[in-house]
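The values are calculated or read from the model by the stated rules, or taken from the named source; none is laboratory data. Everything quoted here is computed from the prediction, not taken from an experiment. With ideal geometry, Cβ positions are generated from the backbone for all residues, glycine too; neighbour counts draw on all protein chains shown.
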Amino acid sequence: MNANMTAAELTEHPAQIPQALDNPFPYGPEVEASKSAPYSSKKSALAFFLQATGANDVKELEAKSRSLQEEAYKLWPYPCIRRWSFLSTKNAEHPIYERILKLGTESNAIFLELGCFFGTDSRRLTYDGWDPSRIVGTDLRPEWFEKGYELFSDKSTCEIKFIPGDIFDSALLPTSFESGSSATIDVETLKSLNSLAPLQGHVRAMSAFSFFHLFEEQGQFELAKRVATLISPKKGSIIFGAHQGGIKKGSLSRANSHDPNATRFVHSPESWVDMWETEIFPSSRDSSVSDGSIRVKATAKLVERSGPIQPNSTSTMGWIIEVL
């Protein structure tokens, strides 16, 4: 099946949809029954999903999720839909998560989820204690928000603010802003947001999973510049996430692509750190700078999933950008 088929083409060929989505449900009986690794994180996620969706058991959760998966794939055939990404809690699996939760105990702290999809991670953050009225999610397609409301049955009760738009569109996020404002953003302002502009300089914690690698090198750089305008200059503010990376910076063959010639630009951990510390926040490596510019510490690491990482293949790269 062609991964680049349009939603219209999929609708015309419904028989192809079940085949495209023929993959294992991520929460089977072995997860429910296990009390130890490697299912420990999945058990935590399962408990969240059962409570947050209102499903009585795994079977009911699976039935509801499969239906939504099929509907979402008709809207847009993203590979991540086939891989059940809307049933993963990536924030909670990141090593920085406990510190993110601690930031949430501060009054007026704001969390922003970039590329939020169904809004699953934002809801998990609420489940773990962050004030939902101070969480904002954004994604290109508003249809994903609707699917999130269906999955969690919370359209009338969800307090998280979801804002649709293109992250490269200045109507959603201007490329620059006047820094220096220390005024806090109240809940009523957050409720009425229709762009990310009012959040510039105010976001205490921000996540971006499986997002940056959607763009080529220049696009990733431009995205990082825009994202940098959002973070609060307060010490300890954090941007974190994970996406595809490689041992060396460059274009690599895309694993699991239906196009054998497809490539993806990836950063290495070293080039990713260099970009943030020398280009996005250029004062980070110069302790003599005293003009009030934000200084950060960037870290990045490739994750081994099944054996050593090969030089010419992609791997998940987890990363953290922390304001000093």
Some residue of region 222-235 being under 27 Å from ARG305 (Cα atoms), touching an Asp or Glu at 6+ places or on another chain (Cβ under 9 Å), modelled with pLDDT of 95 or more and part of a helix (DSSP H, G or I): yes
GLY318 vs. criteria part of a loop (DSSP other than H, G, I, E, B) and at pLDDT 95 or above: no
Helices (runs of 4 or more DSSP H) wholly inside region 74-120 that include at least 2 residues being in the same structural domain as LYS161 (by TED's automatic domain parsing), without any contact (Cβ under 8 Å) to a residue 40 or more places away in the chain and more than 16 Å from PHE145 (Cα to Cα): 97-103
Tally of residues being charged (D, E, K, R) and assigned to a loop (DSSP other than H, G, I, E, B) across region 196-219: 2
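This table checks each residue for (1) assigned to a loop (DSSP other than H, G, I, E, B); (2) closer than 22 Å to ARG83 by Cα; (3) at pLDDT 95 or above.
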| site | (1), (2), (3) |
| --- | --- |
| ARG123 | no, yes, yes |
| LEU151 | no, yes, yes |
| CYS158 | yes, no, yes |
| PHE168 | yes, no, yes |
| SER176 | yes, no, no |
| GLY180 | yes, no, no |
Residue check for LEU193: farther than 23 Å from CYS80 by Cβ, assigned to a loop (DSSP other than H, G, I, E, B) and in contact (Cβ under 8 Å) with a residue 12 or more places away in the chain: yes
So GLY54, is it surrounded by fewer than 17 Cβ atoms within 10 Å (Cβ to Cβ), closer than 15 Å to PHE152 by Cα and in contact (Cβ under 8 Å) with a residue 40 or more places away in the chain: yes
Odd one out for LEU172 among (1) at pLDDT 95 or above; (2) in contact with a Pro (Cβ under 8 Å, 6 or more places away or on another chain); (3) assigned to a loop (DSSP other than H, G, I, E, B): (2)
Test result for SER122, buried (at least 20 other Cβ atoms within 10 Å of the Cβ), of a type in the set (Gly, Ala, Ser) and within 15 Å of ILE239 (Cα to Cα): yes
Number of positions in region 156-177 that are touching a Gly at 6+ places or on another chain (Cβ under 9 Å) and exposed (fewer than 12 other Cβ atoms within 10 Å of the Cβ): 1
